[in-house]
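Contents: one structure, followed by commentary.
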Amino acid sequence: MNETPKFALLALAAGTLVLGGCAAAFSKHAVGNVAVPQPAKSVELSRYLGRWYELARYEQGFQKDCDGVTADYILRADGNISVLNSCRKPDGKQKQANGKAKIVDTATGAKLKVSFFGPFYGNYWVLDRAEDYSWSIVGEPSGRYLWILSREPNPSQAKRDALIARAKALGYDTSMLRITKQP
């Protein structure tokens, strides 16, 4: 057997492992030694649809300096979900991003893939939620993303504190949360 293809495959595999390890080691928002939790409850899509207000998040470049953040989820005819994320920038301008989502874990409905850029999808896991769907905590396997969402834009401080405490109990570094101002 020709050794060149075998060597190329070994080099590719080793490079993939090294790059994957580097990405995990240098992740700004890594959860640390705590494994990212699996979703705590199943999600009924029909109850999850609608408007959500962001209460807090791990700051990301695509959401930099955004307040008044909302996410609207609408069922599409093909069974997938339309996603409309909106926010207000410091200059008062409204910024919007249209995307689509699909459920990838049909057993629980709590693991979705979301895309805002063509065929590229990212994980969107509903890690926990209220029984009445009044709040949810969303993350993904790497621990780099975290959103705390509510059906009301300005819940009580006690409710906010309880949700942040729940995110901490899930293993997230809540000192890195950016609190979202809602009008």
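The values are calculated or read from the model by the stated rules, or taken from the named source; none is laboratory data. Since the structure is predicted, the reported quantities are computational estimates derived from the model, not experimental observations. Ideal geometry is used to build each Cβ from the backbone, glycine not excepted, and the neighbour counts take in all protein chains shown.
A few notes on this one:
- Residue, nearest to the chain's Cα centre (by Cα), within the range 130-183, restricted to residues that are part of a helix (DSSP H, G or I) and crowded, with 17+ Cβ neighbours inside 10 Å: Ala167
- Evaluation of Pro153 against (1) within 25 Å of Val36 (Cβ to Cβ); (2) in contact with a Phe, Trp or Tyr (Cβ under 9 Å, 6 or more places away or on another chain); (3) not small (Gly, Ala, Ser) (one fails), failing number: (1)
- Residue in the range 115-126 that is touching a strand residue (DSSP E or B) at 6+ places or on another chain (Cβ under 7 Å) and at positive phi present: no
- Residues of the range 126-173 satisfying the condition of being without any contact (Cβ under 8 Å) to a residue 12 or more places away in the chain and among the polar types (S, T, N, Q): Ser156, Gln157
- Count of residues meeting criterion [closer than 19 Å to Trp125 by Cβ and small (Gly, Ala, Ser)] in the range 145-183: 4
- For the range 140-171, the tally of residues that are modelled with pLDDT under 95 and in contact with a His (Cβ under 9 Å, 6 or more places away or on another chain) stands at 4.
- Condition met for Glu140 (more than 18 Å from Val69 (Cα to Cα) and not hydroxyl-bearing (Ser, Thr, Tyr)): yes
- Matching residues, the range 47-83, being farther than 21 Å from Ile164 by Cβ and among the small types (Gly, Ala, Ser): Gly50, Gly61, Ala77, Gly79, Ser82
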